[in-house]
Amino acid sequence: SSQIGMAQAQLRSGEIDLSADTLTVEEAGNVIRAEGNVEIKREDAFLRADTVRVNQAKQEVEAKGKVSIVDPEWKLKADYLRMDLREERGEIEQGEVFIEKGHISLFGRRFEKLTGQAYHIDDGSFTTCLCESGIPTWQIKAREIGLSRDGEGFLKGGTFHIRDVPILY
């Protein structure tokens, strides 16, 4: 394991550019740990977090602390993220996802992102309200939410809310 402790360390490797306060390279360069002001650029997408672990051989990323991703098709904020970049599958904790197509905002305690734009959300909500801040004009909350890439979904323990008032159970 080798450590680079610069004010701003950078690594360019194949498809990604990574910068952070501290980089640690392990397993013959296959695993990179980044801490402090981490930013990863991959094609048109940016990932930012407090700490990130990238396994280049497996194309896996694990990020913790103020995680955000900005992609042309979707945006994400979360406390924790684990993602397989090859299959675009992963797990998100305490997250928010905004999907440009359909203007869908998803919130939840735990997300499982499936291949493509399909999700399973625990203790979550969704809306298409383009509210800048505060409580959405309307939203659907549920114990479990499933959304498929073709726009179909299911709810378990769901309620329909106007502002923050449940109207339908």
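The values are calculated or read from the model by the stated rules, or taken from the named source; none is laboratory data. Keep in mind that this is a model prediction, so the values were computed, not measured. Note: ideal-geometry Cβ built from the backbone for every residue, glycine included; neighbour counts use all protein chains shown. We work out accessible area using only protein heavy atoms, side chains counted, and drop any ligands, DNA or RNA first. Shrake-Rupley method; radii C 1.70, N 1.55, O 1.52, S 1.80 Å.
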- Task: Evaluate the range 49-65: report whether one residue or more is under 11 Å from the mean Cα position of the chain (by Cα), surrounded by fewer than 17 Cβ atoms within 10 Å (Cβ to Cβ) and either touching a residue at least 40 places away in the same chain (Cβ under 8 Å) or assigned to a strand (DSSP E or B) (or both).
- Result: no
- Quick one: in the range 102-116, which of the residues that are open to solvent by 10 Å² or more (accessible area, probe 1.4 Å) and more than 16 Å from residue 82 (Cα to Cα) is modelled with the highest pLDDT? 107
- Looking at the range 152-163, is at least one residue within 27 Å of residue 20 (Cβ to Cβ), open to solvent by less than 50 Å² (accessible area, probe 1.4 Å) and assigned to a loop (DSSP other than H, G, I, E, B)? no
- Unique residue being closer than 23 Å to residue 18 by Cβ, modelled with pLDDT under 95 and in contact with a strand residue (DSSP E or B) (Cβ under 9 Å, 6 or more places away or on another chain) when the list is 74, 138: 74
- Message: Just to be sure I understand, how many residues within the range 83-99 are modelled with pLDDT under 95 and open to solvent by 80 Å² or more (accessible area, probe 1.4 Å)?
- Response: 5
- Task: State the number of residues belonging to the range 67-79 that are in contact (Cβ under 8 Å) with a residue 40 or more places away in the chain and not in a strand (DSSP E or B).
- Result: 1
- Item | Enumeration of residues in the range 117-141 that are open to solvent by 50 Å² or more (accessible area, probe 1.4 Å) and polar (S, T, N, Q) | 128, 133, 137
- Query: Within the range 85-107, how many residues turn out to be of a type in the set (Ser, Thr, Tyr) and under 23 Å from residue 16 (Cβ atoms)?
  - Reply: 0
- Query: Condition test on residue 46, is it surrounded by fewer than 16 Cβ atoms within 10 Å (Cβ to Cβ) and either touching a residue at least 24 places away in the same chain (Cβ under 8 Å) or in contact with a His (Cβ under 9 Å, 6 or more places away or on another chain) (or both)?
  - Reply: yes
- Item | Count of residues meeting criterion [modelled with pLDDT under 65, open to solvent by less than 80 Å² (accessible area, probe 1.4 Å) and not aliphatic (A, V, I, L, M)] in the range 1-41 | 3
